[in-house]
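The values are calculated or read from the model by the stated rules, or taken from the named source; none is laboratory data. The model shown is predicted, which means the values in this text are computed figures rather than measured ones. Don't worry about glycine lacking a Cβ; one is built from the backbone with ideal geometry, like all the others, and counts go over all protein chains shown.
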Amino acid sequence: MTEARKRTAQDFKILDEIGEGSYSSVVHAIEKDTQIEYAIKILNKRHIVKEKKEKYVKVEKDALSLLKHPLIVRLYYTFQDSSSLCIYCMIQFLDFVLDYAKNGDLLQLIKNAGKFSVQVARFYAAEILLAIEYMHSRDIIHSYLKWRFINRDLKPENILVMENGHIKVTDFGTARILETSDRGRAFSFVGTAEYVAPELLTIKEVTKSADLWAFGCIIYQMLTGIVPFKGGSEYLTFEKIKSGEYSFSDDFPEEAKSLVQLLLVADPIKRIGSDESDYKSIKNHQFFNGIDWDTIINSDAPEIE
Ligand code: ADE
């Protein structure tokens, strides 16, 4: 097999900037030879080193390199370059060439629509579940790092929507790739087991089930336009999450209600699907009635009304 030709920044024409983070920006670009559109995530290496963020960049690259699935953003090439605008200042960039999602992200679509119909939410939820199932089959937990700071990272901003209406999950900078020895859990215990306080185990043990909690939050948000847990400050939001304090409006769709209730369970072991690898019990929930799990990713995506 012949090796794919190494790409450089010169192979691409940058069209516009589509996102900006503290140490990276995402641009819409086109490959000159093929006219294929890509999103290029440009990471400022000096900034990364200064902010000690190398491990996030490494985990993102490693996770993306392991994941090859139609519902997950594909990493096509990586390369390093110096800014052509600044040849003397030695700014080095690390570039990730990714799928380009023309329709933006799910958060924007929810905001534009106000909220989704049950039919639209069901379609996106089904695709998100298939993406989670695949990531977990590769022992990758999307929500890992942020979850340790009690936040969720699998969120609508990280679910991109392609021109054909199908999703691609992105942003693996906070993911966790499980070692063979810690399948199912993501806390490698260091210390003497006999003396560890129980709360250390419960707080530090992050399992794949953290992504299922995030999944419950996303279903709720698609159907209402708002997140289930929101306090006046980050601290108050955490308090609400910990006490499981959220409510359903009277018009919340009945068929989705019990699924959200089964996902937003504080104890990760008691969350629906937490003891499964194929998430059968979630797929068989009445909310997903009518979904053909084998063909959905090749079906026509619904119009967002
Ligand atoms: N591909 C990867 N990140 C993207 C983004 N922010 N917008 C569109 N496509 C992308």
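Take the residues in segment 1-29 that are under 24 Å from E157 (Cβ atoms) and of a type in the set (A, V, I, L, M); name whichever of them is nearest to the chain's Cα centre (by Cα). Spell out how you get there, then give the answer.
Step one: list which residues in segment 1-29 are under 24 Å from E157 (Cβ atoms), which gives 14-29.
Checking the rest, the ones that are also of a type in the set (A, V, I, L, M) come to 14-15, 18, 26-27, 29.
Values: I14: 25, L15: 25, I18: 18, V26: 16, V27: 19, A29: 22 Å.
Among them, the one singled out is V26.
Quick grid of which residues meet (1) of a type in the set (K, R); (2) within 15 Å of the ligand (Cβ to nearest atom):
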| site | (1), (2) |
| --- | --- |
| L98 | no, yes |
| A101 | no, yes |
| D105 | no, yes |
| N112 | no, no |
| K115 | yes, no |
| V120 | no, no |
| F123 | no, no |
| A131 | no, yes |
| R138 | yes, no |
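Would you say I91 is away from the ligand (no atom under 16 Å from the Cβ), modelled with pLDDT under 95, crowded, with 21+ Cβ neighbours inside 10 Å and not charged (D, E, K, R)? I'd like the intermediate steps shown before the answer.
Values: away from the ligand (no atom under 16 Å from the Cβ): yes; modelled with pLDDT under 95: yes; crowded, with 21+ Cβ neighbours inside 10 Å: no; not charged (D, E, K, R): yes.
The answer is no for I91.
Mind telling me which of the residues E199, E194, E133, E157 ends up being among the acidic types (D, E), surrounded by fewer than 19 Cβ atoms within 10 Å (Cβ to Cβ), at pLDDT 65 or above and not in a loop (DSSP other than H, G, I, E, B)? Let's see the steps before the verdict.
Details: E199 fails: at pLDDT 65 or above; E194 fails: at pLDDT 65 or above; E133 fails: surrounded by fewer than 19 Cβ atoms within 10 Å (Cβ to Cβ).
Sole residue among the options that is among the acidic types (D, E), surrounded by fewer than 19 Cβ atoms within 10 Å (Cβ to Cβ), at pLDDT 65 or above and not in a loop (DSSP other than H, G, I, E, B): E157.
For segment 25-52, name all the residues that are more than 10 Å from the ligand (Cβ to nearest atom) and closer than 15 Å to D171 by Cα. Talk me through it step by step, then tell me what you get.
First, pick out the residues of segment 25-52 that are more than 10 Å from the ligand (Cβ to nearest atom): 29-36, 42-52.
Answer for segment 25-52, where residues must be more than 10 Å from the ligand (Cβ to nearest atom) and closer than 15 Å to D171 by Cα: I42, L43.
List every residue pair whose Cβ atoms sit under 6 Å apart, with the two residues 6 or more apart in sequence or on different chains, where the first one lies in segment 1-25 and is modelled with pLDDT under 90 and the second, anywhere, is within 15 Å of the ligand (Cβ to nearest atom) and among the β-branched types (V, I, T).
Here the result reads G19/V26; S25/I42, each pair linking segment 1-25 to a residue that is within 15 Å of the ligand (Cβ to nearest atom) and among the β-branched types (V, I, T).
Checking the conditions here, which among L259, L223, L236 is part of a helix (DSSP H, G or I) and in contact with a His (Cβ under 8 Å, 6 or more places away or on another chain)? Break it down into steps so the answer makes sense when it comes.
Values: L223 fails: in contact with a His (Cβ under 8 Å, 6 or more places away or on another chain); L236 fails: in contact with a His (Cβ under 8 Å, 6 or more places away or on another chain).
On inspection, the qualifying residue turns out to be L259.
Tally up the residues in segment 58-83 that are in contact with a helix residue (DSSP H, G or I) (Cβ under 6 Å, 6 or more places away or on another chain) and either of a type outside the set (A, V, I, L, M, F, W, C) or away from the ligand (no atom under 14 Å from the Cβ) (or both), please.
So the answer is 3.
Condition check: β-branched (V, I, T), part of a helix (DSSP H, G or I), out of contact with any strand residue (DSSP E or B) (no Cβ under 9 Å at 6 or more places or on another chain) and more than 13 Å from Y77 (Cα to Cα). Does V57 satisfy that?
On the way: β-branched (V, I, T): yes; part of a helix (DSSP H, G or I): yes; out of contact with any strand residue (DSSP E or B) (no Cβ under 9 Å at 6 or more places or on another chain): no; more than 13 Å from Y77 (Cα to Cα): yes.
Considered against the rule, which asks whether it is β-branched (V, I, T), part of a helix (DSSP H, G or I), out of contact with any strand residue (DSSP E or B) (no Cβ under 9 Å at 6 or more places or on another chain) and more than 13 Å from Y77 (Cα to Cα), V57 comes out as no.
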